[in-house]
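Quick note: the coordinates plus some simple rules give every number you see, no bench work behind them. Bear in mind that the values here come from a model prediction, so they are computed numbers and not experimental data. Virtual Cβ from ideal backbone geometry, glycine too; neighbours counted across all protein chains shown.
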Amino acid sequence: MYAEGVVYFSTGFGKPELWAVNVDGSGDVTDTHVEWTVKQGIPAKPSPLIHEGLIYVVSDNGVASCFDAKTGEQAWKKRIGGAYSASPILAGNNLYFGSHEGKVTVIRPGRDAEVVAENQVDGKIMASPAIVDDAMILRTDKAIYRID
């Protein structure tokens, strides 16, 4: 992800970390341009999401977290349960987290972990949902859903 001159990325498998790196350097900028890193609660598979200065992640084992994009400080952490491969998405005014168990947890973006809904679909959610016009396309191992 990129915002305001900083690229944010998760290092993935092994020991996943979330990094914020200023993009105006060249060569090895590890010692000069790394703004911050977070080493706990970062997913190996789901990608992070940035919205209005906050970064949202869900760990592979079902802990959603929110971090301040400027400082890396944790705004909130909430166990939503399940296993996760799909990345969270923002649609309308909500964040959607889809689990292997077919549960979709809906959280309002912001510095509070306000869960506004939990919905169950048939099948495992492994792929990240897509937004097309005003609809969410959600694929499980048993069905494809279009949610308007």
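Of the residues making up segment 98-148, those that are of a type in the set (Asp, Glu), in a loop (DSSP other than H, G, I, E, B) and either surrounded by 18 or more Cβ atoms within 10 Å (Cβ to Cβ) or at negative phi (or both) number 6. Just one of Ser65, Ser59, Ser47 is closer than 27 Å to Glu114 by Cα and in contact with a Pro (Cβ under 6 Å, 6 or more places away or on another chain); which is it? Going through Ser65, Ser59, Ser47 in turn, the sole match is Ser59. Annotation note: of Ala143, Ala113, the sole residue that is among the aliphatic types (A, V, I, L, M) and farther than 21 Å from Ser47 by Cβ is Ala143. Within segment 13-52, how many residues are of a type in the set (A, V, I, L, M, F, W, C), under 30 Å from His100 (Cα atoms) and surrounded by 12 or more Cβ atoms within 10 Å (Cβ to Cβ)? Of the residues in segment 13-52, 8 are of a type in the set (A, V, I, L, M, F, W, C), under 30 Å from His100 (Cα atoms) and surrounded by 12 or more Cβ atoms within 10 Å (Cβ to Cβ).
Does Ala64 satisfy the criteria of being assigned to a strand (DSSP E or B) and over 15 Å from the mean Cα position of the chain (by Cα)? Judged against the criteria, Ala64 is not a match.
With respect to the stated conditions, Lys78 fails to be among the basic types (Lys, Arg) and assigned to a loop (DSSP other than H, G, I, E, B).
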